[in-house]
Amino acid sequence: MSKTSNDSDSASWPDTSSPNQALFTKMADDLASKGLSILPAALPDELCLALRAQQISMDDDQFRQAGIGRGTDAGHNELVRTDQICWISKQTPAGSMWLEWADSLRLFLNRELMLGLFAFESHFAHYRPGAFYKRHQDAFVGEANRVLSLVVYLNPGWCSDDGGELVIYQDSVDQQGVRVMPLMGTVVAFLSEGFPHEVLPAQKDRYSVAGWYRMNTTKSGRVDPPE
Ligand SMILES: O=C(O)CCC(=O)C(=O)O
Ligand SMILES: [Fe+2]
């Protein structure tokens with residue numbers, strides 16, 4: 001697992017020439033007004049193509065069955081999720097490009113929304129045909145752990161018959177939700193405590209990257225996020 005954190009949040013600011021400026025601004029506006037942003041064809045092509053190329057070139061043995069929870073609470077439960085994951089590090093060009101992009105988004109959102117995002121962790125996810133992730137939340141109120149969830153999709157030519165939609169619910173009672181097709185370049189971000197969501201079974205291989213920004217909740221004697 002790789003994390004990025006940074007004390008010098010002003011280092012790359014302001015960066016008005018950035019091609020990401022319009023995208024980041026739209027995401028910040030959506031998050032401020034709704035806590036949720038769904039942006040089709042948004043991730044820069046170069047980054048999207050690099051991530052997809054890396055993911056599809058990786059051997060199956062680099063992936064492992066995704067777990068639930070972290071650290072000592074972590075466990076596998078194939079009734080809940082059946083995707084395979086691989087944590088992303090800066091050791092590959094695509095991983096490095098992705099983590100740098102995610103860090104520039106972190107700095108932008110901290111400036112615009114004062115979210116206090118401190119660290120980022122992220123993995124490739126591969127849902128084989130039939131794989132799913134049942135309705136869940138990425139964080140729970142009061143845990144101050146994962147603050148913002150970010151997902152990008154790496155599947156060109158995905159269509160509605162292929163299934164595999166992400167369904168995002170407004171709250172714990174919403175049963176209808178909003179469906180998002182995992183089409184190449186779509187970027188989704190939402191407040192981790194706010195939106196239950198699920199991944200419906202896909203008819204074919206579904207590739208994505210999921211990541212979470214965390215706050216610095218370090219207390220004396222205990223480093224959190226863990227190094
Ligand atoms: O792949 C997706 O659409 C969402 C994945 C997800 O909810 C998660 O990994 O926590
Ligand atoms: Fe999730």
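Laboratory data are not the source of any read-out in this text; all were calculated from the coordinates shown. These numbers come from a predicted model, not from an experiment.
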(message) I need the phi-derived Karplus couplings for region 86-98: 6.51 cos²θ - 1.76 cosθ + 1.60, θ = phi - 60°, integer Hz, Gly and Pro marked x.
(response) 9, 5, 9, 10, 7, 6, 10, x, 5, x, 5, 4, 5
(request) Determine ³J(HN,Hα), in whole Hz, for all residues of region 171-176 in sequence, where each value follows from phi through the Karplus function 6.51 cos²θ - 1.76 cosθ + 1.60 and θ = phi - 60°; x replaces Gly and Pro. (result) 7, 5, 9, 4, 10, 8
(request) Would you mind checking which residues have amide H under 5 Å from N20's amide H? H placed 1.01 Å from N; only 5 or more apart, or other chain. (result) none
(request) Using the Karplus curve 6.51 cos²θ - 1.76 cosθ + 1.60 with θ = phi - 60°, work out ³J(HN,Hα) for each residue of region 128-139 in order, rounded to whole Hz, and write x for Gly and Pro. (result) 6, x, x, 6, 7, 9, 5, 3, 7, 10, 7, 7
(message) Taking just the alpha carbons, could you work out the radius of gyration and Dmax for region 41-190, both in angstroms?
(response) 15.8, 42
(message) Under 5 Å between amide hydrogens, which residues at least 5 positions from V187 or on another chain qualify, with H placed 1.01 Å from N in the peptide plane?
(response) L39, A41, A42, L43
